[in-house]
Amino acid sequence: MQVADLLRQTNDPNRPLPDVTFDRHLTVHAGEDVLELAYHGPNHSPGNIFINLPAQRVLMLVDVVFPGWVSVRLPRGVAEHPGLARSPGAGAPLSVRHIHRGPPDRLGTRDDVLIQQEYVAELRAQAASAIATFNPASVYQSVDPTNPWAIFRAYLDGVASQAASAVIPNWVDRLGGADVYTLPNAYQLVESLRIDYGQLGPFGIHP
């Protein structure tokens, strides 16, 4: 349903509206093949679905699990983060042998799902820790102390950097791109924890 709504808004003649929509589950028969479509909540983007071929034990899951890599960039909008941060690939049938994410480096496996979950969980935990422990006074050394916008931006950058610095050494030899993409991913998770989960650190309201 969400995809149909987005397509309706864009009104792109190259992407016509679908004839069939569904909320949670839809089974499609294509000749002798069966495709099980399922929506397990927001992940990479609104409406991103799981496409499972049970007979072939193949799952199509676009840009959620990156076999051998960290996520090139976690979702741009914080609204997608709660579903992604809970567990990338959650809802993948246990019978799945291969996972296809889109433009492939290689097919993924359930082990890739577990590794991706571990990476995101560690990054999320370190982002929460950085929000709780980062020293806001340190940002005044690098920005104009009379510019509140510069101060807040430097604060967010500092929190993300602290979280990324704690994670990168543990993953640089396990997943490709950990040294390059963990910092922007940490920034996104910091924003998600602040906006989606109310972990505001020194900017919170304490009774």
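The values are calculated or read from the model by the stated rules, or taken from the named source; none is laboratory data. Please read all numbers here as calculations on a predicted model, not as lab measurements. Methodologically, a virtual Cβ is constructed for each residue, glycine included, from the backbone with ideal geometry; neighbour enumeration extends over all protein chains shown. We work out accessible area using only protein heavy atoms, side chains counted, and drop any ligands, DNA or RNA first. Shrake-Rupley method; radii C 1.70, N 1.55, O 1.52, S 1.80 Å.
Worth a mention:
- Annotation for Thr21 and Arg57: the two label points, set 7 Å from Cα along the Cα-Cβ direction, are 3.7 nm apart.
- Cα convex hull of region 128-207, projected area averaged across orientations, nm²: 6.0 nm²
- Inter-site label distance for Gln141 and Ala30 at 7 Å from Cα along Cβ, in nm: 5.7 nm
- Taking amide hydrogens as placed 1.01 Å from N in the peptide plane, the amide H of Gly41 sits under 5 Å from that of no residue at least 5 positions away in sequence or on another chain.
- Rounded percent of accessible protein surface that carbon and sulfur make up, region 109-207, 1.4 Å probe: 57 percent
- For region 25-41, backbone phi angles converted through the Karplus equation (6.51, -1.76, 1.60; θ = phi - 60°) give residue-by-residue couplings of 9, 8, 9, 10, 9, 10, x, 8, 8, 10, 10, 9, 9, 9, 10, 10, x Hz, Gly and Pro being listed as x.
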